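As structure tokens, the structure follows; a few thoughts come after it.
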2 protein chains.
Amino acid sequence: MSLDRLSMNQATLRYAPLPVVIDSVRTIGASAIGVWRETVDELGATEVARQLADAGMRASSLCRGGFFTSGDDDTWAAALDDNRRALDDAAAIGAPTLVLVAGGLPVGSRDLVGARERVRDAIGALAPHASATGVSLAIEALHPMYAADRAVVSTLGQALDLAEQFAAKEVGVVVDTFHLWWDPELAAQVARAGAGNRILSYQVCDWLTPIAADSLLSRGYPGDGHIDFAAFTSLVRDAGYAGDVEVEIFNQAIWDDEPGRVSTIVADRYLQLIEPSL
Amino acid sequence: MSLDRLSMNQATLRYAPLPVVIDSVRTIGASAIGVWRETVDELGATEVARQLADAGMRASSLCRGGFFTSGDDDTWAAALDDNRRALDDAAAIGAPTLVLVAGGLPVGSRDLVGARERVRDAIGALAPHASATGVSLAIEALHPMYAADRAVVSTLGQALDLAEQFAAKEVGVVVDTFHLWWDPELAAQVARAGAGNRILSYQVCDWLTPIAADSLLSRGYPGDGHIDFAAFTSLVRDAGYAGDVEVEIFNQAIWDDEPGRVSTIVADRYLQLIEPSL
């Protein structure tokens, strides 16, 4: 039993400043953190890197780039510039991966096919900078319930169709239990992702019902919902993934709880439900 | 411009008694109704058939059977019996199709694969009775956000994988805009469904954001949300579908509105956004 591969995504401890996150993660005996851009923007990449290094921590990913579905050329170009800065920041804090959330339909648009084409074009435009910085772009398929307003990349198969147009060291995918657990193609697509060395991150949290009134916050601790983490994790293991397991939970009650208590529960659930299948 | 293919699903006028539904549909100049089982259970199939016939109306479908994912043998067998009665009722009211909602995970279960296997077994057990009654079973893929608690059939591709194990006159699929609009495989799977003569019903309503606090009720009139009905309907037309278009909207504000007013809006939106692409 080991916490070597457990990473605490900052979003799970949303209101905690970075030193509190670091302290909570150290207390449970883990050593990796999924860093959010808000923290880097606030403190600067150098300071974030220093705090992580001083604590013997590493960044498992930087969350998040993307949001490049705009049909307006200037807005789209500005999004690309922002993503290049995110790649620079990821490199500066030692994060191997930048997680990409595609973005939803532009306001007033119903052109889902067009929005998806712009995602492909954006990743193509960013791939050289990913290569130059040594940071991989990780396309995250979000649950289809977010297709209109958050991410037009909705399945792992679709994310892989995009990623496979580029070199594996530049572009891969996130495998996230909350977003993907329902997919009848899950086993086949996880295997495909592994065979192509495309899995850059494995993120875990549970699917709760009823769906929260704010549908973004319907996530729970592994074990509190409907997902079979042993089965899902076995697929990821059998696909050859040997990287970090990020626990990323958007949940108002968890955000309102004490970071030390949340971290203890995260560690317990990880050891109970996920680590045995890794 | 014609309302010949417009069917008012009773769920859109949820609180209206059948005579009011019939009157509203006649007033807008349409002649088909998607009937719900609650009405048949209350009035009896003979009376429903008489009211429809007296008004020159026809039933486009009976909603709904299914809910056969239970892992308990007795519960599963009872669900099959209930579905056989639903097939009898559909035949008695002249509905060519029984819409099937698979059912979610059994309470406390996380075995999604197992639940999906029981759906296949149930359809296999029902197919002979479908054939005997002359009523087709229409598998409806529900949006993946309902996979845990309502329907473990989540994509059109998965519904077709199930349906194609049986004869086309016994088992087909529902194509529903709200449930399927996000799917990157949509065009290919609608074409596949049409090529195999598997499309038994085309149901329309829009995807609203933010998702309603009760996620079942996040549907709207065509045109009020994010779906491109011209593009979607063109796929269904190009797949060779020539049947009814059922407007089925679960929305509290629409339910609270006056049935005549709702029906007028339904007809207007149908003629504006859907009929030109049929």
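Whether any residue in region B:51-74 is open to solvent by less than 50 Å² (accessible area, probe 1.4 Å), closer than 28 Å to residue B:6 by Cβ, touching a strand residue (DSSP E or B) at 6+ places or on another chain (Cβ under 8 Å) and within 14 Å of chain A (Cβ to nearest Cβ) is what I want to check.
no
With (1) part of a helix (DSSP H, G or I); (2) touching a residue at least 12 places away in the same chain (Cβ under 8 Å) as the list, and residue A:99 as the residue in question, which single condition is left unmet?
Here residue A:99 meets the rest and fails (1).
Condition check: more than 30 Å from residue B:232 (Cβ to Cβ), open to solvent by 30 Å² or more (accessible area, probe 1.4 Å) and more than 15 Å from the chain's Cα centre (by Cα). Does residue A:110 satisfy that?
In short, no.
Condition test on residue B:85, is it charged (D, E, K, R) and in contact (Cβ under 8 Å) with a residue 12 or more places away in the chain?
Spelling it out, it is not the case that residue B:85 is charged (D, E, K, R) and in contact (Cβ under 8 Å) with a residue 12 or more places away in the chain.
How many of the residues making up region B:187-219 are part of a helix (DSSP H, G or I) and either touching a Gly at 6+ places or on another chain (Cβ under 7 Å) or within 13 Å of chain A (Cβ to nearest Cβ) (or both)? First the steps, then the outcome.
As a first pass, look at region B:187-219 and keep what is part of a helix (DSSP H, G or I): B:187-195, B:215-217.
Then keep just the ones that are either touching a Gly at 6+ places or on another chain (Cβ under 7 Å) or within 13 Å of chain A (Cβ to nearest Cβ) (or both); that gives B:187-189, B:194, B:215-217.
The total comes to 7.
Go through region A:185-216 and give me each residue that's at pLDDT below 95 and within 16 Å of the chain's Cα centre (by Cα).
Within region A:185-216, just A:216 meets the criteria.
Taking region A:220-240, which residues are open to solvent by less than 30 Å² (accessible area, probe 1.4 Å) and in contact with a Gly (Cβ under 8 Å, 6 or more places away or on another chain)?
A:229, A:236, A:239 - these are the residues of region A:220-240 that are open to solvent by less than 30 Å² (accessible area, probe 1.4 Å) and in contact with a Gly (Cβ under 8 Å, 6 or more places away or on another chain).
Here are some conditions: (1) without any contact (Cβ under 8 Å) to a residue 40 or more places away in the chain; (2) out of contact with any Leu (no Cβ under 8 Å at 6 or more places or on another chain); (3) over 17 Å from residue A:79 (Cα atoms). Residue A:154 meets all but one. Which one does it not meet?
Going through (1) without any contact (Cβ under 8 Å) to a residue 40 or more places away in the chain; (2) out of contact with any Leu (no Cβ under 8 Å at 6 or more places or on another chain); (3) over 17 Å from residue A:79 (Cα atoms) one by one, residue A:154 breaks only (2).
Residue check: is residue A:122 open to solvent by less than 30 Å² (accessible area, probe 1.4 Å), over 18 Å from the mean Cα position of the chain (by Cα), on the phi < 0 side of the Ramachandran plot and more than 14 Å from chain B (Cβ to nearest Cβ)?
On the way: open to solvent by less than 30 Å² (accessible area, probe 1.4 Å): yes; over 18 Å from the mean Cα position of the chain (by Cα): yes; on the phi < 0 side of the Ramachandran plot: yes; more than 14 Å from chain B (Cβ to nearest Cβ): yes.
Yes: the conditions hold for residue A:122.
Working only within region B:241-278, note down all residues that are of a type in the set (Phe, Trp, Tyr) and buried (at least 23 other Cβ atoms within 10 Å of the Cβ).
Passing the criteria: B:241, B:270.
Which of the residues belonging to region B:187-211 are open to solvent by 30 Å² or more (accessible area, probe 1.4 Å) and among the aliphatic types (A, V, I, L, M)?
B:187, B:188, B:191, B:195, B:200, B:208
Of the residues in region B:140-181, how many are away from chain A (no Cβ under 13 Å), open to solvent by 10 Å² or more (accessible area, probe 1.4 Å) and aliphatic (A, V, I, L, M)?
Summing the residues that are away from chain A (no Cβ under 13 Å), open to solvent by 10 Å² or more (accessible area, probe 1.4 Å) and aliphatic (A, V, I, L, M) in region B:140-181 gives 2.
How about region B:181-206: which of its residues are in contact (Cβ under 8 Å) with a residue 40 or more places away in the chain and of a type in the set (A, V, I, L, M)?
Result: B:186, B:187, B:190, B:191, B:193, B:195, B:199, B:200, B:204.
Taking the condition in a strand (DSSP E or B) and in contact with an Asp or Glu (Cβ under 9 Å, 6 or more places away or on another chain), does residue A:113 pass? If you could, list the steps in order and put the result at the bottom.
Working: in a strand (DSSP E or B): no; in contact with an Asp or Glu (Cβ under 9 Å, 6 or more places away or on another chain): yes.
It is false that residue A:113 is in a strand (DSSP E or B) and in contact with an Asp or Glu (Cβ under 9 Å, 6 or more places away or on another chain).
For region A:143-164, name all the residues that are over 20 Å from residue A:239 (Cβ atoms) and out of contact with any Asp or Glu (no Cβ under 8 Å at 6 or more places or on another chain).
Result: A:143, A:145, A:146, A:147, A:148, A:149, A:150, A:152.
Going by what's in this entry, would residue B:184 be described as within 14 Å of chain A (Cβ to nearest Cβ), outside any helix (DSSP H, G or I), open to solvent by 40 Å² or more (accessible area, probe 1.4 Å) and on the phi < 0 side of the Ramachandran plot?
Judged against the criteria, residue B:184 is a match.
From the list A:137, A:105, pick out the single residue that is more than 10 Å from chain B (Cβ to nearest Cβ) and either in a strand (DSSP E or B) or buried (at least 20 other Cβ atoms within 10 Å of the Cβ) (or both).
From the options A:137, A:105, the qualifying one is A:137.
Inspect region B:226-240 for any residue being free of Cβ contacts under 8 Å to residues at least 40 places away in the same chain, within 14 Å of another protein chain (Cβ to nearest Cβ) and hydroxyl-bearing (Ser, Thr, Tyr) and give the result as yes or no.
For region B:226-240, residues free of Cβ contacts under 8 Å to residues at least 40 places away in the same chain, within 14 Å of another protein chain (Cβ to nearest Cβ) and hydroxyl-bearing (Ser, Thr, Tyr): absent.
With the requirement that a residue be open to solvent by 50 Å² or more (accessible area, probe 1.4 Å) and under 23 Å from residue A:158 (Cα atoms), what does region A:85-102 give you?
A:96
When you check residue A:44 against the structure, is it surrounded by fewer than 22 Cβ atoms within 10 Å (Cβ to Cβ) and either on the phi > 0 side of the Ramachandran plot or charged (D, E, K, R) (or both), yes or no?
Here the answer is yes, as residue A:44 does meet what is asked.
The values are calculated or read from the model by the stated rules, or taken from the named source; none is laboratory data. What you are looking at is a predicted structure, and each value in this text was computed from that prediction instead of being measured. Every residue, glycine among them, receives a Cβ derived from its backbone with ideal geometry; neighbour counts consider all protein chains shown. Protein only, heavy atoms only, side chains kept; ligands, DNA and RNA dropped before computing areas. Shrake-Rupley method; radii C 1.70, N 1.55, O 1.52, S 1.80 Å.
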